[in-house]
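Remarks on the structure that follows.
The values are calculated or read from the model by the stated rules, or taken from the named source; none is laboratory data. Nothing here was measured: the structure is a model prediction, and the numbers come from that model. Every residue, glycine as well, gets a Cβ built from its backbone with ideal geometry; the counts of neighbours run over all protein chains shown. When the accessible area is computed, the model is the full protein with side chains, heavy atoms only, and any ligands, DNA or RNA have been set aside. Shrake-Rupley method; radii C 1.70, N 1.55, O 1.52, S 1.80 Å.
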Amino acid sequence: MRLHYSGWDYGLATHVGNIKKINEDRSFLRIAAGPEKKSFVIAMIADGMGGYNSGEAASSIAVEYVKKWWDDRIPALIKTEDFLKEVNKGLTEVFRQVNKKLLELKQKQQLNTGTTLSVLFLYGSSYLAVHVGDSRIYRGYPASGDITDFCIEQLTEDQSWVASQMKKGLLSKEEARVHPKRNILLQCLGITPELNIFHKTGRFGEEDLFLLSSDGFFSMFSDNNIMFFLTQLTVNNYSLQKISEFLVKEAVNAGARDNITVMTIRWRKNKFFRGKEYFRFFRSIFQEKKI
(Lines give C-alpha, C1' and ligand atoms only; values in the text may rest on other atoms or scores of the structure.)
Protein backbone atom coordinates (compact mmCIF):
# COMPACT_ATOMS: atom_id res chain seq x y z
CA MET A 1 0.00 0.00 0.00
CA ARG A 2 1.20 3.52 -0.85
CA LEU A 3 -0.31 6.61 0.74
CA HIS A 4 -0.27 10.37 0.44
CA TYR A 5 -1.65 12.25 3.43
CA SER A 6 -0.77 15.64 4.88
CA GLY A 7 2.35 15.88 2.72
CA TRP A 8 3.78 12.44 3.52
CA ASP A 9 4.40 9.60 1.11
CA TYR A 10 4.72 5.96 2.21
CA GLY A 11 5.47 2.49 0.95
CA LEU A 12 5.23 -0.90 2.68
CA ALA A 13 6.06 -4.42 1.57
CA THR A 14 6.49 -7.68 3.47
CA HIS A 15 7.20 -11.33 2.65
CA VAL A 16 7.42 -14.52 4.67
CA GLY A 17 10.82 -15.37 3.15
CA ASN A 18 12.07 -18.60 1.63
CA ILE A 19 12.03 -20.86 4.69
CA LYS A 20 9.50 -19.88 7.35
CA LYS A 21 5.79 -20.74 7.15
CA ILE A 22 4.56 -17.77 9.23
CA ASN A 23 5.34 -14.07 8.90
CA GLU A 24 6.17 -12.88 12.43
CA ASP A 25 6.94 -9.30 11.35
CA ARG A 26 4.41 -6.61 12.22
CA SER A 27 4.36 -2.95 11.24
CA PHE A 28 2.35 0.15 12.04
CA LEU A 29 2.12 3.62 10.54
CA ARG A 30 -0.04 6.57 11.53
CA ILE A 31 -0.15 10.30 10.86
CA ALA A 32 -2.01 13.21 12.40
CA ALA A 33 -2.14 17.00 12.46
CA GLY A 34 0.02 18.67 15.09
CA PRO A 35 0.71 22.17 16.44
CA GLU A 36 1.48 25.02 14.03
CA LYS A 37 -0.26 23.15 11.19
CA LYS A 38 2.52 20.57 11.11
CA SER A 39 1.67 16.91 10.59
CA PHE A 40 3.54 14.20 12.43
CA VAL A 41 4.20 10.55 11.75
CA ILE A 42 4.78 7.47 13.86
CA ALA A 43 6.08 4.30 12.19
CA MET A 44 7.30 1.04 13.67
CA ILE A 45 8.52 -2.44 12.87
CA ALA A 46 8.44 -5.40 15.27
CA ASP A 47 10.15 -8.69 14.43
CA GLY A 48 8.75 -11.47 16.59
CA MET A 49 10.65 -14.59 17.56
CA GLY A 50 9.95 -17.80 19.38
CA GLY A 51 8.59 -20.16 16.75
CA TYR A 52 5.10 -21.52 16.11
CA ASN A 53 2.62 -18.76 17.07
CA SER A 54 4.79 -17.17 19.75
CA GLY A 55 6.69 -14.73 17.56
CA GLU A 56 3.67 -13.30 15.82
CA ALA A 57 1.88 -13.01 19.17
CA ALA A 58 4.76 -10.95 20.59
CA SER A 59 5.09 -8.59 17.62
CA SER A 60 1.30 -8.15 17.44
CA ILE A 61 1.19 -7.20 21.14
CA ALA A 62 3.90 -4.59 20.50
CA VAL A 63 1.85 -3.10 17.64
CA GLU A 64 -1.34 -3.00 19.71
CA TYR A 65 0.36 -1.32 22.68
CA VAL A 66 1.89 1.41 20.48
CA LYS A 67 -1.42 1.92 18.68
CA LYS A 68 -3.35 2.23 21.96
CA TRP A 69 -0.79 4.65 23.39
CA TRP A 70 -1.06 6.78 20.27
CA ASP A 71 -4.85 6.89 20.35
CA ASP A 72 -5.00 7.58 24.09
CA ARG A 73 -2.13 9.99 24.65
CA ILE A 74 -1.29 11.95 21.49
CA PRO A 75 -4.26 14.37 21.74
CA ALA A 76 -2.94 15.51 25.13
CA LEU A 77 0.76 15.37 24.26
CA ILE A 78 0.47 17.73 21.29
CA LYS A 79 -0.56 20.45 23.75
CA THR A 80 2.61 20.13 25.82
CA GLU A 81 5.45 22.64 25.58
CA ASP A 82 8.18 20.09 24.76
CA PHE A 83 6.24 17.79 22.45
CA LEU A 84 9.16 15.62 21.26
CA LYS A 85 10.48 15.09 24.78
CA GLU A 86 7.07 13.95 26.01
CA VAL A 87 6.69 11.57 23.08
CA ASN A 88 10.09 10.08 23.93
CA LYS A 89 9.03 9.55 27.54
CA GLY A 90 5.72 8.05 26.48
CA LEU A 91 7.26 5.60 24.01
CA THR A 92 9.83 4.54 26.59
CA GLU A 93 7.03 3.62 28.96
CA VAL A 94 5.24 1.70 26.19
CA PHE A 95 8.39 -0.36 25.60
CA ARG A 96 8.46 -1.25 29.29
CA GLN A 97 4.77 -2.16 29.26
CA VAL A 98 5.22 -4.48 26.27
CA ASN A 99 8.20 -6.11 27.94
CA LYS A 100 6.21 -6.65 31.15
CA LYS A 101 3.26 -8.13 29.24
CA LEU A 102 5.45 -10.58 27.33
CA LEU A 103 7.20 -11.66 30.52
CA GLU A 104 3.80 -12.33 32.11
CA LEU A 105 2.76 -14.45 29.13
CA LYS A 106 6.02 -16.31 29.32
CA GLN A 107 5.35 -17.21 32.95
CA LYS A 108 1.61 -17.92 32.70
CA GLN A 109 1.43 -19.66 29.34
CA GLN A 110 4.98 -20.99 29.09
CA LEU A 111 5.50 -19.08 25.85
CA ASN A 112 9.10 -18.71 24.77
CA THR A 113 8.53 -15.47 22.93
CA GLY A 114 10.08 -12.09 22.26
CA THR A 115 10.17 -9.28 19.75
CA THR A 116 12.31 -6.44 18.51
CA LEU A 117 10.69 -3.02 18.40
CA SER A 118 11.90 -0.01 16.41
CA VAL A 119 9.78 3.15 16.41
CA LEU A 120 10.34 6.29 14.33
CA PHE A 121 8.58 9.57 15.13
CA LEU A 122 8.72 12.51 12.68
CA TYR A 123 7.59 16.04 13.43
CA GLY A 124 8.49 19.20 11.54
CA SER A 125 12.11 18.63 10.57
CA SER A 126 12.96 16.54 13.66
CA TYR A 127 13.08 12.79 14.10
CA LEU A 128 13.06 10.54 17.15
CA ALA A 129 14.05 6.87 17.09
CA VAL A 130 13.29 4.56 20.03
CA HIS A 131 14.50 1.01 19.68
CA VAL A 132 15.25 -2.40 21.20
CA GLY A 133 16.71 -5.34 19.26
CA ASP A 134 18.18 -5.54 15.76
CA SER A 135 15.51 -4.25 13.40
CA ARG A 136 16.78 -1.07 11.79
CA ILE A 137 15.84 2.49 10.92
CA TYR A 138 17.89 4.19 8.19
CA ARG A 139 17.94 7.78 7.01
CA GLY A 140 18.78 8.15 3.32
CA TYR A 141 19.88 11.48 1.90
CA PRO A 142 21.49 12.82 -1.30
CA ALA A 143 25.10 13.78 -0.60
CA SER A 144 25.49 17.56 -1.04
CA GLY A 145 22.01 17.62 -2.55
CA ASP A 146 23.11 15.38 -5.44
CA ILE A 147 20.47 12.75 -6.15
CA THR A 148 22.99 10.63 -8.07
CA ASP A 149 25.01 10.12 -4.88
CA PHE A 150 22.60 8.71 -2.29
CA CYS A 151 23.96 8.03 1.22
CA ILE A 152 22.45 6.15 4.14
CA GLU A 153 22.85 6.52 7.89
CA GLN A 154 21.78 3.77 10.28
CA LEU A 155 19.96 5.61 13.06
CA THR A 156 19.50 2.62 15.37
CA GLU A 157 22.17 0.43 16.96
CA ASP A 158 21.97 -3.34 16.63
CA GLN A 159 21.72 -4.90 20.10
CA SER A 160 23.24 -8.18 19.01
CA TRP A 161 26.27 -10.32 19.75
CA VAL A 162 27.93 -9.48 16.44
CA ALA A 163 27.41 -5.75 17.04
CA SER A 164 29.17 -6.10 20.41
CA GLN A 165 32.09 -7.76 18.65
CA MET A 166 32.22 -4.92 16.12
CA LYS A 167 32.49 -2.38 18.95
CA LYS A 168 35.46 -4.33 20.29
CA GLY A 169 37.10 -4.25 16.88
CA LEU A 170 36.87 -8.02 16.49
CA LEU A 171 34.53 -8.04 13.50
CA SER A 172 34.03 -5.73 10.53
CA LYS A 173 30.50 -4.72 9.56
CA GLU A 174 30.56 -7.05 6.58
CA GLU A 175 31.90 -9.94 8.68
CA ALA A 176 29.13 -9.33 11.21
CA ARG A 177 26.48 -9.31 8.48
CA VAL A 178 27.30 -12.88 7.40
CA HIS A 179 28.45 -14.29 10.75
CA PRO A 180 26.79 -17.56 11.93
CA LYS A 181 25.90 -15.87 15.25
CA ARG A 182 24.36 -12.75 13.68
CA ASN A 183 20.88 -13.68 14.96
CA ILE A 184 21.90 -13.79 18.64
CA LEU A 185 20.34 -10.78 20.38
CA LEU A 186 21.58 -9.18 23.58
CA GLN A 187 18.35 -7.19 23.95
CA CYS A 188 14.74 -7.74 22.91
CA LEU A 189 11.34 -7.37 24.53
CA GLY A 190 10.04 -10.32 26.53
CA ILE A 191 13.27 -11.93 27.71
CA THR A 192 14.44 -10.12 30.86
CA PRO A 193 12.99 -7.35 33.08
CA GLU A 194 16.02 -5.14 32.41
CA LEU A 195 15.87 -3.11 29.22
CA ASN A 196 18.50 -1.02 27.50
CA ILE A 197 16.27 1.18 25.34
CA PHE A 198 18.07 3.04 22.57
CA HIS A 199 17.10 6.68 21.85
CA LYS A 200 18.27 9.00 19.08
CA THR A 201 17.06 12.42 17.95
CA GLY A 202 18.11 14.56 15.03
CA ARG A 203 17.08 16.70 12.08
CA PHE A 204 16.20 15.78 8.53
CA GLY A 205 15.79 17.60 5.22
CA GLU A 206 13.13 17.62 2.52
CA GLU A 207 15.19 15.29 0.30
CA ASP A 208 15.60 12.66 3.02
CA LEU A 209 14.02 9.22 2.94
CA PHE A 210 13.50 6.97 5.97
CA LEU A 211 13.66 3.20 5.67
CA LEU A 212 12.57 0.78 8.41
CA SER A 213 13.33 -2.92 7.99
CA SER A 214 13.52 -6.24 9.76
CA ASP A 215 16.75 -8.21 9.60
CA GLY A 216 15.38 -10.40 6.82
CA PHE A 217 16.16 -7.49 4.49
CA PHE A 218 19.37 -5.88 5.66
CA SER A 219 21.12 -9.17 6.44
CA MET A 220 21.11 -9.87 2.70
CA PHE A 221 22.82 -6.66 1.58
CA SER A 222 25.77 -4.47 2.50
CA ASP A 223 25.23 -0.75 3.11
CA ASN A 224 26.78 -0.09 -0.30
CA ASN A 225 24.20 -2.38 -1.92
CA ILE A 226 21.37 -0.54 -0.18
CA MET A 227 22.79 2.86 -1.20
CA PHE A 228 23.07 1.66 -4.80
CA PHE A 229 19.47 0.45 -4.82
CA LEU A 230 18.12 3.71 -3.39
CA THR A 231 20.19 5.82 -5.78
CA GLN A 232 19.03 3.92 -8.87
CA LEU A 233 15.40 3.76 -7.79
CA THR A 234 15.10 7.46 -6.92
CA VAL A 235 16.97 8.57 -10.05
CA ASN A 236 14.47 6.53 -12.06
CA ASN A 237 11.57 8.18 -10.23
CA TYR A 238 10.19 5.07 -8.52
CA SER A 239 7.34 5.57 -6.08
CA LEU A 240 7.94 4.58 -2.46
CA GLN A 241 5.63 1.61 -2.85
CA LYS A 242 7.63 0.39 -5.85
CA ILE A 243 10.88 0.96 -3.93
CA SER A 244 9.62 -1.06 -0.94
CA GLU A 245 8.38 -3.89 -3.16
CA PHE A 246 11.62 -3.95 -5.14
CA LEU A 247 13.80 -4.16 -2.03
CA VAL A 248 11.75 -7.01 -0.56
CA LYS A 249 11.78 -8.88 -3.88
CA GLU A 250 15.55 -8.51 -4.12
CA ALA A 251 15.95 -9.96 -0.63
CA VAL A 252 13.73 -12.93 -1.51
CA ASN A 253 15.68 -13.52 -4.73
CA ALA A 254 18.94 -13.31 -2.77
CA GLY A 255 17.76 -16.27 -0.67
CA ALA A 256 16.44 -14.57 2.49
CA ARG A 257 15.55 -17.22 5.05
CA ASP A 258 13.82 -14.91 7.50
CA ASN A 259 10.68 -12.77 7.21
CA ILE A 260 11.27 -9.54 5.31
CA THR A 261 9.56 -6.19 5.91
CA VAL A 262 10.49 -2.82 4.41
CA MET A 263 8.73 0.49 5.07
CA THR A 264 9.76 3.75 3.40
CA ILE A 265 8.68 7.30 4.32
CA ARG A 266 9.46 10.75 2.97
CA TRP A 267 8.06 14.25 2.85
CA ARG A 268 6.25 14.57 -0.49
CA LYS A 269 7.17 18.22 -1.09
CA ASN A 270 10.33 17.28 -2.96
CA LYS A 271 11.06 17.98 -6.62
CA PHE A 272 13.51 15.07 -6.80
CA PHE A 273 11.14 12.33 -5.63
CA ARG A 274 7.82 12.31 -7.44
CA GLY A 275 6.24 9.18 -8.76
CA LYS A 276 2.68 8.61 -9.93
CA GLU A 277 0.44 9.91 -7.13
CA TYR A 278 -2.55 8.20 -5.62
CA PHE A 279 -4.43 10.45 -3.20
CA ARG A 280 -5.86 8.10 -0.58
CA PHE A 281 -6.83 9.67 2.70
CA PHE A 282 -6.27 6.82 5.12
CA ARG A 283 -5.01 7.55 8.62
CA SER A 284 -3.14 4.33 9.26
CA ILE A 285 -1.71 1.17 7.85
CA PHE A 286 -0.82 -1.68 10.12
CA GLN A 287 -0.56 -5.41 10.16
CA GLU A 288 -2.15 -7.16 13.08
CA LYS A 289 -3.42 -10.53 14.18
CA LYS A 290 -5.91 -11.19 16.96
CA ILE A 291 -4.29 -12.86 19.94
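Numbers at a glance
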| quantity | calculated |
| --- | --- |
| Gained length - GLU157 relative to SER126, 0.36 nm times residue gap less alpha-carbon distance | 9.3 nm |
| Cα-projected label distance for ASN224 with ILE184, points at 7 Å along beta-carbon direction, nm | 2.8 |
| Residue-span extension gain [LYS100 to ASN253] - 0.36 nm each, minus C-alpha spacing | 51.3 nm |
| Projected-area mean, the chain, by convex hull of Cα positions, square nanometres | 14.9 |
| Accessible surface of LYS106 - all protein chains present, 1.4 Å probe, nearest 10 Å² | 70 |
| Gyration tensor (alpha-carbon) shape descriptor, the stretch 46-181, a/c threshold 1.5 | oblate |
| Nearest-10 value in Å² for the accessible area of SER144, using the 1.4 Å probe | 130 |
| Net length gained if the chain between LYS68 and LYS200 were fully extended (0.36 nm per residue, minus Cα distance) | 45.2 nm |
| Over 32 Å (Cα to Cα) - which of LYS200/LYS242; LYS21/LYS181; LYS67/LYS108; LYS38/LYS68; LYS68/LYS167 fall in this group | LYS68/LYS167 |
| Accessible-area ranking of ARG266, ARG257, ARG177, largest first, probe 1.4 Å | ARG257, ARG177, ARG266 |
| Rounded FRET efficiency, nearest 0.05, which uses the C-beta distance separating THR92 from LYS21 and R0 of 35 Å | 0.55 |
| Most fluctuating residue given options PHE210, PHE218, PHE83, as computed from a GNM of the chain linking Cα atoms under 10 Å | PHE83 |
| Order of exposure, largest accessible area first, which applies to TRP161, TRP69 with probe 1.4 Å | TRP161, TRP69 |
| Kirkwood hydrodynamic radius of the stretch 19-112, Cα pairs, Å | 14.6 |
| The stretch 105-204: Cα Rg divided by the 2.2 N^0.38 Å rule of thumb | 1.29 |
| Rounded accessible area of MET166 (nearest 10 Å², 1.4 Å probe) | 70 |
